Each structure stands twice: as C-alpha cells, then as structure tokens.
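Enquirer: The structure that follows is given in the form of structure tokens.
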Amino acid sequence: MAFDSLRDFLGHLEAAGELRRLTQPVASELEITELADREMKKPGGGQALLVEKPTVNGQISPFPLAINALGSYRRMALSLGAPSIEEAAAALGALVKAKPPASFKEALQLLGTAFDLRHARPKRVKDGACQEVIHHFDAPPPRTTPWPPAPDWRTPAAFDPRPPTLLNLPIQQCWPLDGGRFLTLPCVVTRDPDTGARNVGMYRMQVYDERTTGLHWQLQKVAARHGRRYYETGTRMPVAVFLGGDPVYTFCATAPLPDGLDEFLLAGYLRQKSAELVRCQTCDLEVPADADFVLEGYVDPAEPLREEGPFGDHTGFYSLPDRYPVFHLTAITHRQRAIYPATIVGPPPMEDYYIGSASVKLFLPILKMTFPELVDLALPAEGVFHNLVFVSIKKTYPMQAFKIMHGLWGMGQMMFAKYIVVVDDDVDVHNSREVLFHLCANTDPQRDALFTKGPADVLDHATPVLGVGSKMGMDATRKLPGEGHPRDWPPLIQMPEAVRQKIRSMLA
C-alpha cells in the first residue's frame with residue numbers, strides 16, 4: 001500500500017488508534033526527547049506522537065513534528081502495507097526464489113511475480129508536492145517578522161509562507177551533552193560518480209548554522225565511498241536530503257541493501273507503486289515527489305573536515321566528536337502543509353529497534369538462500385542492533401555453527417556483530433531467556449568460543465582502535481562426536497505433549 005504523504009500515513013495511524021496528538025507547546029530542546037523516550041519505553045513501543053506546536057528557542061514552529069511513527073511492530077507492518085512484517089517477508093522471499101518455469105503452470109505463477117515487479121522501477125515526474133514552496137539561498141534573505149500562531153495540521157488552508165531555514169525547523173537537541181541540533185531521520189541521496197548508481201542512506205546531520213550541517217557518514221557506508229571518489233577527483237559532490245513522504249522511504253534508507261542496489265526499487269516493490277521522483281532545483285539529483293522537506297546542496301572536497309558531535313547515540317552512550325564533511329545548503333523546498341519527521345536514539349528499546357527488527361525479518365528469506373541451514377535470527381534490543389546476534393540452525397554436521405559465524409561476519413552490516421550465539425533449531429532466538437539457558441548449558445568456553453578480528457562500528461567506544469575490533473562467536477548447539485565431545489549428550493527435560501494438553505484442558 002502506498003501512502004501519498006507522511007500526513008496520509010499519520011491519518012491511517014490515527015484511525016487505527018496508533019497516534020496521539022499533543023496540542024500544547026513542547027520544546028525541541030530536550031523536552032520532545034523526554035516525551036518520546038517515555039512513549040518508546042512502553043510495552044510494544046507505545047503510540048506515534050504528533051507534536052502540533054513544537055517550539056524552537058521558545059517560539060512555536062509552523063511545522064508540526066511527528067516522532068515514533070515506526071516504533072512498533074504494528075506500525076512497521078502498516079507502513080509496509082502488510083498485515084504483518086512476516087507476511088511482507090514471505091512475499092519478498094517468494095519473489096527472490098523465482099526460477100525459470102518448467103511448465104505452463106509455473107509460467108503463469110512467474111507471470112504473477114513479474115506483475116508484482118511492475119511498480120518496482122522508480123518513475124520520473126516533472127514536479128511534485130515537495131516543491132510547492134521553494135526557497136533558494138542565493139535569493140534575498142527571508143523576512144524576520146514575528147512568527148504567527150502555529151497552524152492546525154489538519155486544516156488544508158493553514159500555511160505559514162515564511163521561508164524555512166535550518167534554524168527555524170523544529171530540529172531537536174536530543175540529549176543534554178549533544179553538540180547541537182541534529183536531523184535524525186534524513187534520507188541522504190548521493191550518486192556514484194563512476195557508475196551513476198544512486199544510494200539513499202540515513203546519516204545524522206548536525207546543524208552548524210542556517211546553511212551548513214555535518215554529514216556523519218561512517219567510513220564503511222556507501223555514501224562515504226561515493227564521497228571518497230569525489231575527494232580523489234576534487235569535484236564538488238551534489239547531495240540531496242529528503243524528509244517525510246511515504247514512510248517506506250525511511251525504512252528503505254536504513255535497509256541493509258547491497259552496494260549499488262537502488263533503495264527506490266525496494267520502496268516501489270514494498271508499496272506496490274513506483275516511487276515518483278522529481279529533479280532537485282539546484283543539483284542533478286532526484287528525490288521523492290511526495291517528500292515533506294528537501295534540502296539541496298553539496299560537499300566541497302577542497303574544504304577541511306569539521307568537528308561533529310558529541311551525539312547521544314543508539315549505543316546508549318554519547319559518540320564523541322570526530323571530523324566529518326560539511327554539507328552546504330543551496331535550497332530548501334517543501335510541501336505547503338509539511339510535517340517534520342524525527343526520531344531519537346539512546347538506551348534501548350527505541351523506535352530504531354522496531355525498524356531494525358523489520359529489516360531482519362524482511363531479509364531473512366534472502367539469508368536463507370545463502371545459508372540453507374539457517375532457521376531464524378534475532379538482534380536483541382540490548383545489543384543495539386549488531387552487537388549481539390542470536391542464530392538458530394538445523395545442524396547436520398560438525399563445526400556447522402562456526403561456518404555460520406564466519407558466513408554472517410562476511411554479510412554486509414553483519415561485519416559489525418560483536419557476539420554471535422548459535423543455537424539449535426528448537427530454540428526460540430526471540431526469547432533471550434531461552435537462548436541464555438542453552439548458552440550456559442551447552443557450551444564449554446574453551447572448546448566452543450571463537451575469537452577473530454574485523455571491522456567494527458565507528459560508534460563503538462570500547463574498541464581500542466576506531467573502526468577495528470575483535471569478535472566472539474559461541475557454539476551453543478548440541479555437540480556431535482566429531483566436535484571433540486565423546487560423552488553422551490543428555491536429553492532435555494520435557495513433559496509429553498499429551499500430558500500437557502490434558503492438564504491444560506483441566507485448567508481451562
């Protein structure tokens with residue numbers, strides 16, 4: 001299901017009882033974070049929040065702020081237009097397993113799959129809602145009259161014509177020690193200067209002034225690779241940043257797609273409608289026509305890197321200051337009734353846990369094509385995404401658990417996994433208590449631990465060297481004779497199912 005705008009999606013959430021509106025002013029400095037953090041920590045992720053009157057330096061912004069819009073399994077499924085994330089994953093799994101037809105019946109089935117793909121390729125359009133208001137920064141400065149009262153987000157005619165800058169959008173200072181205000185849900189569009197391949201990634205952006213921000217693309221990210229090529233040639237790098245629009249764009253910007261695979265293809269498939277893209281006003285990049293805000297600009301390779309941070313990060317700690325490229329703003333365009341999307345990160349669970357969990361479930365069928373023994377995979381919230389990975393496998397030969405560890409460490413962002421615990425297929429990896437029971441019961445530390453080295457998340461403050469660290473895998477499966485365990489393996493204590501059912505019926 002495609003949503004025409006972020007406002008359209010929020011309307012669906014409200015109709016489903018998944019949205020709470022706040023009509024009183026709430027400060028973008030710390031207060032929205034405290035409000036959202038309390039909501040995100042509720043069982044199941046709480047509700048999405050629409051702050052109708054966010055304030056910036058004490059003044060009410062003309063743009064409402066939405067936060068925690070994807071912060072539950074149900075809202076993630078709604079954003080993907082599916083009854084559940086598992087059903088969306090099953091559909092994608094069936095698609096990637098398509099084979100050449102061996103019969104007429106299979107040909108018809110494959111034709112149905114092809115129809116599913118007809119909306120995957122993005123479509124270029126001449127104009128879009130994201131450019132209803134255009135503000136070029138080489139134009140005369142905006143007027144500085146006092147702000148009018150904030151409009152009602154539901155009223156079509158309510159619109160403040162005052163041009164926005166980075167200083168009057170409701171951009172948050174999330175945590176007390178943050179180095180400034182940060183855009184937390186920016187979808188950053190870059191292009192490979194050699195191949196022309198597009199990438200949409202999500203990298204936080206610290207606001208320096210009304211026309212410049214930092215661009216925190218970590219050294220292993222695709223946009224950083226694009227940037228290195230521009231720095232090598234000394235050519236100015238065009239960058240476009242969009243916020244809002246169909247929420248599936250936000251999800252796709254965080255999805256672990258292979259380098260070179262266009263995120264808008266995945267977005268088109270998931271929403272069953274081509275992503276309509278419009279050319280930016282001041283650079284040769286394309287953005288979704290239904291976005292709420294677009295920030296157009298560039299990175300200048302001749303300019304020194306600038307200190308960015310600290311920032312209260314998804315690790316639960318502040319990432320310390322470091323030097324990153326500077327993004328120069330050349331234009332802001334936006335919808336007339338734009339809503340500013342935001343999130344916060346910090347000690348888990350947060351909204352990003354549900355986004356990351358959806359990615360794991362969606363791409364699990366693809367992982368299973370590479371690792372047929374793989375049954376399930378979970379990234380517990382306490383591991384802040386990739387620090388801790390639980391994997392269950394259908395074990396059929398010795399040392400298979402170690403094969404899975406090495407394989408996963410070689411799969412994209414799984415290279416950041418600090419700890420991988422492998423269990424048998426009868427263990428529920430989404431039940432941390434069950435996994436820890438089998439970890440403690442089934443392992444001999446010296447025999448079953450594997451240590452190695454590799455790339456690390458640059459946000460990991462515990463590694464001795466930035467971006468480089470050690471990793472540990474634990475084989476918590478039942479041991480086979482060929483794995484150095486000559487003793488008999490005892491059976492797990494279990495009650496016969498017939499007895500369980502009888503007692504269950506007695507107590508019903």
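The values are calculated or read from the model by the stated rules, or taken from the named source; none is laboratory data. Just so we're clear, the structure is a prediction, and the values are computed from it rather than from any experiment. Quick reminder, even Gly has a Cβ in these numbers, built from the backbone with ideal geometry, and neighbours come from all protein chains shown.
Enquirer: Quick one: would you say residue 213 is out of contact with any helix residue (DSSP H, G or I) (no Cβ under 6 Å at 6 or more places or on another chain), surrounded by 24 or more Cβ atoms within 10 Å (Cβ to Cβ), polar (S, T, N, Q) and within 22 Å of residue 137 (Cα to Cα)?
Expert: Spelling it out, residue 213 is indeed out of contact with any helix residue (DSSP H, G or I) (no Cβ under 6 Å at 6 or more places or on another chain), surrounded by 24 or more Cβ atoms within 10 Å (Cβ to Cβ), polar (S, T, N, Q) and within 22 Å of residue 137 (Cα to Cα).
Enquirer: May I ask you to say which residue of 270, 295, 285 is surrounded by fewer than 23 Cβ atoms within 10 Å (Cβ to Cβ) and either within 25 Å of residue 6 (Cβ to Cβ) or basic (Lys, Arg) (or both)? Working first, answer last.
Expert: Working: 270 fails: surrounded by fewer than 23 Cβ atoms within 10 Å (Cβ to Cβ); 295 fails: surrounded by fewer than 23 Cβ atoms within 10 Å (Cβ to Cβ).
One residue alone meets the criteria, 285.
Enquirer: Across segment 478-498, what is the total count of residues that are charged (D, E, K, R), in contact with an Asp or Glu (Cβ under 9 Å, 6 or more places away or on another chain) and not in a helix (DSSP H, G or I)? Steps first, please.
Expert: The first filter runs over segment 478-498 and keeps only residues charged (D, E, K, R), leaving 478-479, 483, 487-488, 497.
Add one more test, that the residue is in contact with an Asp or Glu (Cβ under 9 Å, 6 or more places away or on another chain), and what stays is 478-479, 483.
When the remaining residues are screened for being not in a helix (DSSP H, G or I), the result is 478-479.
Counting residues in segment 478-498 that are charged (D, E, K, R), in contact with an Asp or Glu (Cβ under 9 Å, 6 or more places away or on another chain) and not in a helix (DSSP H, G or I) gives 2.
Enquirer: On to the next question. Mind checking which residues of segment 273-325 are in contact with a helix residue (DSSP H, G or I) (Cβ under 6 Å, 6 or more places away or on another chain) and of a type in the set (Ser, Thr, Tyr)?
Expert: The answer is 274, and nothing else.
Enquirer: Which residue, of 384, 427, 435, is assigned by TED's automatic domain parsing to the domain that holds residue 463, of a type in the set (Val, Ile, Thr) and under 30 Å from residue 219 (Cα atoms)?
Expert: Values: 427 fails: under 30 Å from residue 219 (Cα atoms); 435 fails: under 30 Å from residue 219 (Cα atoms).
Exactly one of 384, 427, 435 is assigned by TED's automatic domain parsing to the domain that holds residue 463, of a type in the set (Val, Ile, Thr) and under 30 Å from residue 219 (Cα atoms), namely 384.
Enquirer: From the set of residues in segment 312-358 that are in a loop (DSSP other than H, G, I, E, B) and aliphatic (A, V, I, L, M), which is nearest to residue 52 (Cα to Cα)? If you could, list the steps in order and put the result at the bottom.
Expert: First, the residues of segment 312-358 that are in a loop (DSSP other than H, G, I, E, B): 313-317, 320-321, 325, 335-339, 343-350.
After this cut, where a residue has to be aliphatic (A, V, I, L, M) as well, the list is 320, 338-339, 344-345, 350.
Details: 320: 32, 338: 12, 339: 9, 344: 18, 345: 21, 350: 22 Å.
In this case the residue turns out to be 339.
Enquirer: Condition first: at pLDDT 90 or above, surrounded by 11 or more Cβ atoms within 10 Å (Cβ to Cβ) and not in a strand (DSSP E or B). Can you find one or more residues in segment 464-477 that meet it?
Expert: yes
Enquirer: Pull up segment 233-257, narrow it to residues that are closer than 24 Å to residue 385 by Cα and touching a Gly at 6+ places or on another chain (Cβ under 7 Å), then point me to the one that is modelled with the highest pLDDT.
Expert: 253
Enquirer: Out of all the residues in segment 482-501, which are farther than 19 Å from residue 437 by Cα and surrounded by 11 or more Cβ atoms within 10 Å (Cβ to Cβ)? Can you show your working first?
Expert: Just the residues of segment 482-501 that are farther than 19 Å from residue 437 by Cα, to begin with: 482-488, 496-501.
Of everything in segment 482-501, those that are farther than 19 Å from residue 437 by Cα and surrounded by 11 or more Cβ atoms within 10 Å (Cβ to Cβ) turn out to be 483, 484, 485, 500.
Enquirer: Quick one: which of 423, 435 is crowded, with 17+ Cβ neighbours inside 10 Å, in contact with a Ser or Thr (Cβ under 8 Å, 6 or more places away or on another chain) and touching a residue at least 40 places away in the same chain (Cβ under 8 Å)?
Expert: Details: 435 fails: in contact with a Ser or Thr (Cβ under 8 Å, 6 or more places away or on another chain).
Unique residue meeting the criteria: 423.
Enquirer: Condition first: over 25 Å from residue 363 (Cβ atoms), small (Gly, Ala, Ser) and touching a helix residue (DSSP H, G or I) at 6+ places or on another chain (Cβ under 8 Å). Can you find one or more residues in segment 67-84 that meet it?
Expert: Here is the first cut: in segment 67-84, the residues over 25 Å from residue 363 (Cβ atoms) are 67.
With the extra rule that they be small (Gly, Ala, Ser), the set shrinks to none.
There is no residue in segment 67-84 that is over 25 Å from residue 363 (Cβ atoms), small (Gly, Ala, Ser) and touching a helix residue (DSSP H, G or I) at 6+ places or on another chain (Cβ under 8 Å).
Enquirer: Residue 315 versus (1) crowded, with 23+ Cβ neighbours inside 10 Å; (2) touching a Leu at 6+ places or on another chain (Cβ under 8 Å): which is the lone unmet condition?
Expert: Exception for residue 315: condition (1).
Enquirer: Given the options 234, 245, name the one that is out of contact with any helix residue (DSSP H, G or I) (no Cβ under 8 Å at 6 or more places or on another chain), at positive phi and not basic (Lys, Arg).
Expert: Working: 245 fails: out of contact with any helix residue (DSSP H, G or I) (no Cβ under 8 Å at 6 or more places or on another chain).
Among 234, 245, only 234 is out of contact with any helix residue (DSSP H, G or I) (no Cβ under 8 Å at 6 or more places or on another chain), at positive phi and not basic (Lys, Arg).
Enquirer: For segment 310-357, what are the residues that are of a type in the set (Lys, Arg) and either under 24 Å from residue 466 (Cβ atoms) or free of Cβ contacts under 8 Å to residues at least 60 places away in the same chain (or both)?
Expert: So the first thing to find is which residues in segment 310-357 are of a type in the set (Lys, Arg), and the list is 323, 335, 337.
Matches in segment 310-357: 323 only.
Enquirer: Now for a separate question. Give the residue that is nearest to the chain's Cα centre (by Cα), with candidates limited to residues of segment 377-419 that are among the small types (Gly, Ala, Ser) and part of a loop (DSSP other than H, G, I, E, B). Reasoning before the result, please.
Expert: Applying the first criterion (among the small types (Gly, Ala, Ser)) to segment 377-419 yields 378, 381, 383, 392, 401, 407, 410, 412, 417.
From what's left, part of a loop (DSSP other than H, G, I, E, B): 410, 417.
On the way: 410: 20, 417: 17 Å.
Ranking the qualifying residues of segment 377-419, first place goes to 417.
Enquirer: Taking the residues in segment 5-53 that are touching a strand residue (DSSP E or B) at 6+ places or on another chain (Cβ under 8 Å) and β-branched (Val, Ile, Thr) as candidates, determine which candidate is surrounded by the fewest Cβ atoms within 10 Å (Cβ to Cβ). Working first, answer last.
Expert: Step one: list which residues in segment 5-53 are touching a strand residue (DSSP E or B) at 6+ places or on another chain (Cβ under 8 Å), which gives 6, 10, 13-14, 18-22, 25-30, 32-33, 35-36, 39, 47-53.
This time we only want the ones that are β-branched (Val, Ile, Thr), so: 26, 32-33, 51.
Values: 26: 21, 32: 24, 33: 24, 51: 28.
That would be 26.
Enquirer: Hey, another quick one. Residue 457 fails exactly one of the following numbered conditions: (1) in a loop (DSSP other than H, G, I, E, B); (2) modelled with pLDDT of 95 or more; (3) under 26 Å from residue 313 (Cβ atoms). What is the number of that condition?
Expert: Exception for residue 457: condition (2).
Enquirer: So, one more: Name the single residue, out of those in segment 382-402 being of a type in the set (A, V, I, L, M, F, W, C) and surrounded by fewer than 18 Cβ atoms within 10 Å (Cβ to Cβ), that is farthest from residue 462 (Cα to Cα).
Expert: Taking segment 382-402 and keeping what is of a type in the set (A, V, I, L, M, F, W, C), we get 384-385, 388-391, 393, 399, 401-402.
Now drop any that are not surrounded by fewer than 18 Cβ atoms within 10 Å (Cβ to Cβ), which leaves 399, 402.
Values: 399: 30, 402: 25 Å.
Filtering segment 382-402 for residues that are of a type in the set (A, V, I, L, M, F, W, C) and surrounded by fewer than 18 Cβ atoms within 10 Å (Cβ to Cβ), the one farthest from residue 462 (Cα to Cα) comes out as 399.
Enquirer: Shifting gears a bit: Tell me, yes or no, whether segment 243-259 has at least one residue that is buried (at least 18 other Cβ atoms within 10 Å of the Cβ) and more than 16 Å from the chain's Cα centre (by Cα). Give the derivation first.
Expert: If we filter segment 243-259 for residues that are buried (at least 18 other Cβ atoms within 10 Å of the Cβ), which is where we start, we get 243-255, 257.
From what is left, the residues that are more than 16 Å from the chain's Cα centre (by Cα) are none.
Within segment 243-259 (the criterion being buried (at least 18 other Cβ atoms within 10 Å of the Cβ) and more than 16 Å from the chain's Cα centre (by Cα)), the answer is no, since none of the residues qualifies.
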